[in-house]
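S.K.: So that we are looking at the same thing, I have put the structure below in structure tokens.
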Amino acid sequence: MGKRGGWNKNDRSELIRRLYWEEGKTLREIGAVLGISFQRVHQLMQSYGIPRRKAKIWFCKVCGQPILKRGRRVFCSPECRKRYHWVLLVCDYCGRVFWRRRAQFRASNPKRGYTGKRFYCSRECYRRAWRPPARKNQCS
């Protein structure tokens, strides 16, 4: 500390450097320790020449490529978004290949009362698969 209780420039720069790099604290946490705002901590770091940590690199959930602009994005392209949200299935009755949204695919699980073992491309295939066999006339 300086003569009147203020911070010496070297002491303050070393404290900020230690808190930021060695202890891994955020600018807000450093600001709380020093009693200043996080914007002022950032200004002091720039004036003292203390480098910032690199931003966290995010990767696409489907293909694993890095995402440069994060925001709310978790996919690198619309194609990866489609591949993640849609599941390719085969109809258990007619064998036709069809797409279904992942949310519908997950909704058919045993915990919710669905078997989740059979998938049909249409209501018609479902009806044909579950139609009871024709009864023979037993009265004759």
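S.K.: Using the structure shown, decide if residue 54 is outside any helix (DSSP H, G or I) and either more than 31 Å from the chain's Cα centre (by Cα) or surrounded by 13 or more Cβ atoms within 10 Å (Cβ to Cβ) (or both). Walk me through it before giving the result.
M.R.: On the way: outside any helix (DSSP H, G or I): yes; either more than 31 Å from the chain's Cα centre (by Cα) or surrounded by 13 or more Cβ atoms within 10 Å (Cβ to Cβ) (or both): no.
For residue 54, the condition - outside any helix (DSSP H, G or I) and either more than 31 Å from the chain's Cα centre (by Cα) or surrounded by 13 or more Cβ atoms within 10 Å (Cβ to Cβ) (or both) - is not met.
S.K.: Can you say whether residue 32 is outside the structural domain of residue 98 (by TED's automatic domain parsing), modelled with pLDDT under 90 and over 30 Å from residue 101 (Cβ atoms), as far as the supplied structure shows?
M.R.: No: the conditions fail for residue 32.
S.K.: Output the qualifying pairs, or none if there are none: Cβ atoms under 6 angstrom, residues six or more apart or on different chains, first residue in region 17-32 and closer than 16 Å to residue 48 by Cα, second residue of a type in the set (D, E, K, R).
M.R.: 19/25
The values are calculated or read from the model by the stated rules, or taken from the named source; none is laboratory data. None of these values were measured; they are calculated from a predicted model. Note: ideal-geometry Cβ built from the backbone for every residue, glycine included; neighbour counts use all protein chains shown.
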